[in-house]
Each structure stands twice: as structure tokens, then as C-alpha cells.
1. Any idea of H362's accessible area? Nearest 10 Å², probe 1.4 Å.
2. Treating only the Cβ of Lys, Arg, Asp and Glu as charged (+1, +1, -1, -1), what charge dipole size does the stretch 30-180 show about its Cα centre? Round to the nearest 20 debye.
3. Rounded to the nearest 0.05, what FRET efficiency is calculated for V507 and T108 with R0 set to 25 Å and r the Cβ-Cβ distance?
4. Run the accessible area of the stretch 45-88 with a 1.4 Å probe and give the carbon-and-sulfur part as a rounded percent.
5. In terms of solvent-accessible area of protein heavy atoms at a 1.4 angstrom probe, what is the ranking of C344, C115, highest value first?
6. Would the stretch 343-427 count as rounded, prolate or oblate if I go by the C-alpha gyration tensor, calling it rounded below 1.5 in a/c and otherwise prolate when a/b exceeds b/c, oblate otherwise?
7. Compute the Cα gyration tensor for the stretch 380-450, then decide on rounded, prolate or oblate, letting a ≥ b ≥ c be the square roots of its eigenvalues: rounded whenever a/c is under 1.5, prolate when a/b is larger than b/c in the other cases, and oblate in all that remain.
8. To the nearest 10 square angstrom, how much accessible area does C434 have with a 1.4 angstrom probe?
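The values are calculated or read from the model by the stated rules, or taken from the named source; none is laboratory data. Bear in mind that the values here come from a model prediction, so they are computed numbers and not experimental data. For neighbour counting, all protein chains shown are included, and Cβ atoms are generated from backbone atoms with ideal geometry for every residue, glycine included. Note: accessible area is taken over every heavy atom of the protein model, side chains too, but ligands, DNA and RNA are not part of it. Shrake-Rupley method; radii C 1.70, N 1.55, O 1.52, S 1.80 Å.
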Amino acid sequence: MTTTTKPMLDQQLYRARLVSSIAATAISLACGTNYVYSAWAPQFADKLHLTTTQSNLIGLAGNLGMYLMGVPVGMYIDRRGTRPPVIGGALLLGLGYFPFKAAYETGTGSVPLLCIFSFLTGFGSCMAFAASVKTSALNWPHHRGTATAFPLAAFGLSAFLFSVSGSVFFPGNTGAFLMLLSIGTFVLTFVGFFFLRVYPHTSYRPVQSRPGLSSSQKLRRTLSEESKAHAGRSYVDEEPGMSPTVYTTPSGTTAPALNGGADELAEPSSSRDVSPPRRSNDIEAASVEAQEDIADETSSLVSRSSSLPGDVYVESSVDMDRSHRVDIRGWALLKSLDFWQLFCIMAILAGIGLMTINNIGHDVNALWRYYDKTVDDTFLVHRQQMHVSILSVGSFVGRLLSGVGSDFLVKVLKASRVWCLAVASLIFFIAQLCALNILNPHLLGFVSGLSGLGYGFLFGVFPSIVAESFGIHGLSQNWGFMTLSPVVSGNVFNLFYGKVFDKHSIVNGEGERTCPDGIDCYKDAYYMTLGACTIGLCVSLWTIRRQHNQRLKEANRTAED
């Protein structure tokens, strides 16, 4: 490959990865719509005469689909690639939301059936979102925290996008808003599918050679004994979903295809015309070199032996990162104390966040109806959507701050990413204090904003922590195991909130349930989450201390070796 062609290839690969990252971000915007549930749940429950507990069951079914299916979805993505789940996610999102629109228009619906459709929306979100995060992590391994922060942040911003769109285009029209969710989530995910791809990485640097060697000697590569032994191997180590096409150049470097079709980058025609026909042995050697030079996220790129001091030395700094040196999954994951520490942190903090996310609409109704008896349903709908937007923006900011901030912690301060989880615990703690003391509904934004910020801090950094602790190769399935924890805690916290709220509610002559007691409608639920925040902070600090000691032991063993 000429000196001008390789920079052009690198530039095109860079642009292709950017396009893929944009697609991952757009897909993620469609995957966080479970968190917009509070914007339409109170009106939906009133129309169908549902209790707060029944309404929470429907919302929990969506969370169940999102988190419970993480393990099988993750295993599928790690085995088969990131693209097929995106199409499945698009279909499930569109089909899942449409029955809610039909039920609202008719005013009737079976709660178990509605729970199933809600589960489908969560399942679809899980499929598409896991694929977008894995793609971002693979495309930018040197900046994984920052790269995954954008789809993670978009996931948090999803509720804001749809709630604002609903309030602008369909103010007070819950049926039209549900149709927007059905069509909008499908279109965003389906269109993003065509641009979401994983592109391999190459990293070359010449080793200082002895004086006197010619330039041809410096660029020539010989085959190591290890590569000769693997001459017949196919690309078994290639990451699923990666473009497998590789072009071998006269200098021994390789160039991956961008799309495997019209976008393929071939050698200049001049180099093909002037090159003499190769003997069969030369072709076999070139095949071995092409296989040896593949630079994806699973194969080693270090040539362990060479016959010339001036050989080109190939090294991937990606492989030097801890996430590429460890691969813990399956039973080994379940036997790891690190996993159970992180699992507990996720369970506690995600459960706290989900309780407010799913019930901020009920908080709004209770406080405003107690504060001002004259408010009407249109006003309450607007306020619910406003607080969902505040939650979403807070989550977006938290995800970006923790994703980028975790890279800063690791690279500059040499500290653990888990400090972001300690920060999330503190933010949640302050949010619960606000919920227990705010009587003026104008100040309720502190509860929704801080809850969104804490939730964003939690999820913005957690995939990077999982990859760093257990390896990038099993990220999707390990992340799936980790997200099982909110299934338990989310059910506990949300159902407890529903019981507390229903205990203070009364039923009017039309069958509608209202709570006239203001903050007392939900205060007991926030006492429980306040205590949970304290436990989450303690476990986070314990995890930081334990990981610090483990890293010191690993460093000492490496120094001794």
C-alpha cells in the first residue's frame, strides 16, 4: 500500500466508525422509552380505572423485558454479532406500543395482556440497546468510556425527546402520544440498522533497526514459526459482526473493507499491473501474512519471533488493556466476588432510580392536587411531561459525565471507575432527602433532576466497569447478568410504592383513584430508599478498596515475573 493510500484508508475507517457511533446513538434514543412511562401512565390508569399497583405492574413488565432478557440477548450478540438484534428490537418496539394506543382509545384492556405488550417493548429496547453499546465499545477500544457514554446518554435522553415531542405536537392527547411511541421507536431503530457496523483496528509501529539495513529490509516481514503453524486457520478469532474482508498489499500490510461491497478499498491499479505473477508458495505466504495481520479485538497482534532486526513489529495497545487480557464469563463470573459486589450496587441504586422514574407522575399529581385544588388534568399532564423531561435530561448529563469522567479518573488520576458509583449513591441520597421534605410542587424538580442525574451516573459508567473487570469479549452477556439485578429491586421498590400510594388513595364516584394527602401519599416509600442509598454507598466504598488491593497484588506479581 502506498504511503498516501494508508492515511486515506485510516481516514475512511475513522469516518465509518463515526457514522456507526451516530447510528448507535440514534438507536439508543429509541430504546429508553420505558422511562417515559410516567408521562402517560396516570392518564392511562385513569382511563382504564387501574389502581396504582396495577399501573406499576405494567411499568415493571417493561423493566422486566429490558433487564431480564439481558443475559440471552448478550449471549446472542457475543456469538452472532450486533446487527440482527437491532431489526428484532425495531419490530418489538413498534408492535409493543401499538396495543396501548388501542386500549386507551377503547378504555378497556386486560392487565396481564398489557403487561405482556409492555414486556415486548422492554425486550425490544434491550436487544437494540445492547447491540449499540457493544458496537461502540468495539469500534473505539482506546476510548471505551467516552464511546459508550454517547449511546448510554442517548438512552437517558430518550424520555426527554419523546415527552417534549408529545407536548409540542400532541398536547394533552395521550392516544396520539402512544402512537408516536410506536412509530417513532420503530423508525429510529430500523433506519439506524443500516449504518451500525463494527470495524476492525490495526496498529503498526516500526522497531528501531540496526544501521545499514536497506529500506526494503526494514519493511519486509518474515513468517514466524507460530504463524506458519497457523497457516491453514481461518479468521476464527474475528469478532462477530465485523467485516471480514482484508486486502493484502505489497508491503505486507492489510486493509479491511468498510462495508464488504461498494465501499471496499482496493489497491491502486498500478500496483496490480506491474507486480509479476506470484508462485504458489508466495501466495501461501501472503495468505499467512494477511491472517496474521488481522487487527480485531480478540486476536493477538504481536509477532513472537522474527528473523530480521528490521522487521516491522506489530502491536495492538488494545490488547495491553486489562479488558482484553481477562475473559471471565459464565460460571466463572458467578463465582467472582467482584461480580456480586457490582451486582448488589446495581440492584440497590437502579431500584431506587426506577421507583422515582416510574412514579414521578404520581408524585406530581399528589403534590399539586394537595397544593392547589383547582388544577385540571391538562395542567397535570403538562407537569408530568415536564418532570419526565427533567429526569431524562438529568440522566443524559449523568451518563455523559460518568462516561467521560471515568476515563479521566483512570487515565489521569489513576483511580477506579467505581468512584462514579459512590458519587451516584450520594446523588441518590440527596434526592431522597428532597422527596421527603419538599411540600411545594414547584420545587419537585429537585427530586426528578437529581434522580435522573444519579441514574445517569450509574448507567453511564457501569458497562465500562463490567468490561474492565471481566473482559470486553463477554461484555454483552456479562452486562446481561448484571442487569438482572434491577428486576428484583425494581419490583420491590415499585410495588412498595404502589402499596403505600394505594393505602392513602380514595375512589370517587366515577371509579377514579386520587390521593388527597400530598407528600404523605408516598413518603414512607422514600424512607425505605433513603436507607438503601446508605447501603449502596457502603458497598461502593468496599468495592473500591478491594479492587485497589487486587490491582496492587497484580502489579507486584507482574514485577516479580
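1. H362 has an accessible surface of roughly 20 Å² with all protein chains in place.
2. Numbers: 7 positive and 3 negative charges, 87 e Å.
Using Cβ point charges on Lys, Arg, Asp and Glu, the stretch 30-180 gives about 420 debye.
3. Approximately 0.85, to the nearest 0.05.
4. Numbers: 950 of 1540 Å².
Its accessible area is 62 percent carbon and sulfur atoms.
5. On the way: C344 60, C115 30 Å².
Per-residue accessible area, sorted high to low, gives C344, C115.
6. Details: a/c = 4.10, a/b = 2.56, b/c = 1.60.
Because a/c hits 1.5 or more and a/b exceeds b/c, the stretch 343-427 counts as prolate.
7. Working: a/c = 4.92, a/b = 2.06, b/c = 2.39.
It comes out oblate by the Cα gyration axes.
8. It works out to around 30 Å².
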